[in-house]
Amino acid sequence: MSEEKREIKDTTEIRKRWMAKLRDEKRAHKEFHDQATAAEKQYAAKEDWERKNGNMYPSLWSIVNTTHAALYSRPARPDVRKRNVDVMDGIDRQIAQMIERALNFTQDTTDFDPESHAAVNDFLVSGLGQAKIEMDVETEEVPVINPVSGQPIMDGDEPLTQTKVSRRSMRLVYFHHARFHWEPTTTWRQCSWVAFDHYMGHEQFEEQFGVEIPQDARLKEQGSTYSTDKNKTAAENYEPQYCVHEVWDKESRKVMFFCEQYPDLIEERDDPLQLEDFFPCPRPMLANCSAEEVLPKPDYVYIRDLIRLINTYSRRIANLTTNIKDVGFYDASFVELAKVTGAEDGTRIPIKDLVQRLNSSNARVDTGAVMVEMDNTAKAAVIMNLMEQRERAKMQLDEAIGISDITRGTTDPNETASAQRIKNQWANVRLAPRLNQIAQFFRNSFRIMAEILCQSFEPEQIAQMTGVEVSPEMQQVMQSDALRMYAVDIETDSTIAQDDTLEREQRNETSQTVSEMLQQLVPAMQAGQLPAGLAKALMLFTVRTTKYGREFEDEINQLPDTMQQLQGLQQQVQQGQEQGMQLQQQLQEAQGQLQQVNQQQEQRENVKTQSDAQEKQASTVKQFAEAQRIQSETRQREMFPAVGM
């Protein structure tokens with residue numbers, strides 16, 4: 001058997017083994033996917049689900065949207081700092097600033113916001129939210145330069161070229177819970193492989209991977225007729241979609257691609273990102289995950305009965321409301337009464353011999369004697385009772401999920417401010433675990449992005465993204481072990497909606513706290529009553545308790561730790577003040593000299609202005625005299641005409 005045939009056999013066995021693993025994973029996680037699918041149908045009010053289960057009230061939709069807005073209303077903002085801030089120098093500051101700016105640049109120039117919102121929404125609906133970081137690489141062909149002559153190396157008449165990376169970019173890509181697979185384990189740390197499903201048409205498949213699907217394995221084409229199969233997505237109805245499994249195996253540190261319709265390994269790549277933890281994704285956001293295994297459970301499972309009860313009440317209310325109608329009956333001998341239902345207000349319908357006909361039947365002169373209205377009082381009372389029962393069920397649902405009426409935007413105006421504050425605090429306590437999961441997910445995502453940036457991006461592109469020139473020393477630090485030296489986190493409460501008034505109050509409170517602390521500590525340090533190191537520790541201890549205190553930490557950490565350093569700093573400040581006074585004095589002298597020059601120039605301009613005025617006046621007098629002379633000569637010629645004319 002040739003070496004090529006053995007290689008093909010080996011790759012075929014690899015495909016068979018991994019396809020079996022993926023099938024086993026689907027069976028192991030089937031319960032979760034079934035529950036997640038039921039929750040999604042309830043949330044999206046799918047037509048078949050609504051008709052079968054009577055989905056009349058959007059309870060889950062309202063819960064998810066309210067919770068989503070409370071937990072993740074804004075994109076998370078990265079915050080990069082060196083772990084040991086007390087030994088941070090200029091290069092450390094530049095690297096931290098560069099990483100943070102690069103992450104912000106990636107957020108602003110990609111679809112980070114919609115992808116992150118989709119992951120959070122999937123987490124709240126199905127119980128699992130996942131996204132992965134992808135790096136795109138653009139290349140170009142450039143000539144090979146001779147290092148001696150500096151000219152391109154020629155290959156005949158054409159220059160010899162080489163492939164060069166022209167640009168790299170990162171992006172966050174959301175994956176639906178049904179398109180993400182992970183090894184069934186008891187803890188995420190033990191997970192050795194993950195997989196992502198990509199759906200693509202036939203042409204896209206062959207163009208991306210450069211292989212052809214066997215003719216007998218191809219999916220049936222729809223032709224020009226659009227399918228209307230409700231069990232398929234719109235893309236599947238438009239064009240048959242091939243599912244390509246992208247498997248990341250941590251043990252071999254390889255990425256492999258498989259497809260059900262392709263009989264061999266499609267493609268295999270060596271570790272493309274060179275990440276420490278290998279996986280291109282963080283630990284997914286998992287809801288209600290037990291300690292026994294990594295298997296989430298949607299919230300819908302716990303509130304399903306209450307939602308069904310609310311839907312039952314809503315369905316009965318709708319049915320009874322449909323049955324309540326303004327209908328009645330009348331004596332057939334009074335044919336004219338049929339016009340009553342279509343008559344407008346104030347209309348009078350004539351009936352011939354009405355009084356005699358009523359008297360002959362011993363009836364009162366009243367429409368009640370010949371017309372009977374249907375009594376809907378009992379049905380209306382049942383509807384009111386059902387509405388009250390539905391409100392009680394909704395209150396039980398709100399208590400179960402822990403969303404207060406203040407969070408939903410409704411409250412009792414008769415409640416005191418203390419009662420409303422307690423409700424809001426209790427709601428925040430119930431939402432805190434979910435908020436922490438979301439924060440941890442995006443923090444880990446930023447860490448993966450930072451690691452890719454430091455390991456793979458060229459210094460020139462980093463400078464374009466951040467405005468920070470990457471020196472060789474900075475590059476060495478970044479590629480050595482940047483994530484161990486720098487802490488990548490997200491800003492506190494950066495994902496939740498902020499009250500502008502509250503934020504302003506918190507900032508003012510922080511500024512006031514720092515000012516009062518300086519007024520107390522600085523005199524004590526100058527008098528030698530308080531060591532500088534202890535004062536610095538007290539300042540850090542105080543500002544860290546405030547929300548915006550981290551913005552002061554870097555500056556406080558640069559303060560001296562000993563009295564000698566403080567005195568040296570004071571001397572430098574004093575010298576700087578003296579130099580500033582000297583410069584100010586020199587500036588005042590220069591301003592005085594300039595003022596004198598300006599005064600002299602102004603005097604010269606005044607003299608010139610006067611001279612110009614006198615010259616202009618003399619010219620005017622001269623012109624007037626010339627006009628008088630011409631006028632006098634003209635009169636003389638008129639009075640004494642020349643002789644002989």
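Give me a count of the residues in segment 360-408 that are modelled with pLDDT of 90 or more and of a type in the set (S, T, N, Q).
Qualifying residue count, segment 360-408: 2.
I want to confirm something. Restricting to segment 295-324 and keeping residues that are outside any helix (DSSP H, G or I) and of a type in the set (A, V, I, L, M), which single residue is least open to solvent (accessible area, probe 1.4 Å)?
L295
If I filter segment 135-156 for residues that are touching a residue at least 60 places away in the same chain (Cβ under 8 Å), under 26 Å from F278 (Cα atoms) and either open to solvent by less than 80 Å² (accessible area, probe 1.4 Å) or not small (G, A, S) (or both), do I get at least one hit?
Yes.
Only one of (1) over 26 Å from H176 (Cα atoms); (2) surrounded by fewer than 19 Cβ atoms within 10 Å (Cβ to Cβ); (3) at pLDDT 85 or above fails for A102. Which number is that?
(2)
If you go through segment 271-294, how many residues are open to solvent by less than 30 Å² (accessible area, probe 1.4 Å) and either among the polar types (S, T, N, Q) or in a loop (DSSP other than H, G, I, E, B) (or both)?
The number of residues fulfilling the criteria is 11.
Given the residues N436, N424, N428, which is the only one that is over 24 Å from R93 (Cα atoms), open to solvent by 70 Å² or more (accessible area, probe 1.4 Å), at pLDDT below 75 and not hydrophobic (A, V, I, L, M, F, W, C)?
Criteria check complete, one pass: N428.
Just wondering, is there one or more residues in segment 327-334 that are within 30 Å of M384 (Cα to Cα), assigned to a loop (DSSP other than H, G, I, E, B) and modelled with pLDDT of 70 or more?
Yes: one or more hits.
In segment 463-507, which residues are open to solvent by less than 30 Å² (accessible area, probe 1.4 Å), touching a Cys at 6+ places or on another chain (Cβ under 7 Å) and at pLDDT 75 or above?
M478
Any residue in segment 521-534 that is at pLDDT 70 or above, part of a helix (DSSP H, G or I) and surrounded by fewer than 11 Cβ atoms within 10 Å (Cβ to Cβ)?
no
Mind listing whichever residues of segment 158-176 are basic (K, R) and open to solvent by 70 Å² or more (accessible area, probe 1.4 Å)?
Correct list: K164, R167, R171.
State whether one or more residues within segment 221-241 are open to solvent by less than 70 Å² (accessible area, probe 1.4 Å), within 30 Å of the chain's Cα centre (by Cα), within 24 Å of W18 (Cβ to Cβ) and modelled with pLDDT under 65.
Checked segment 221-241: at least one residue is open to solvent by less than 70 Å² (accessible area, probe 1.4 Å), within 30 Å of the chain's Cα centre (by Cα), within 24 Å of W18 (Cβ to Cβ) and modelled with pLDDT under 65.
Suppose we filter K41, K52, K132 for residues that are open to solvent by less than 40 Å² (accessible area, probe 1.4 Å) and either assigned to a helix (DSSP H, G or I) or at pLDDT 85 or above (or both); which single one remains?
Selected residue: K132, the only one of K41, K52, K132 that is open to solvent by less than 40 Å² (accessible area, probe 1.4 Å) and either assigned to a helix (DSSP H, G or I) or at pLDDT 85 or above (or both).
The values are calculated or read from the model by the stated rules, or taken from the named source; none is laboratory data. Quantities reported herein were computed from a predicted structural model and do not represent experimental measurements. Cβ sites come from the backbone with ideal geometry, for glycine too, and all protein chains shown count toward neighbours. When the accessible area is computed, the model is the full protein with side chains, heavy atoms only, and any ligands, DNA or RNA have been set aside. Shrake-Rupley method; radii C 1.70, N 1.55, O 1.52, S 1.80 Å.
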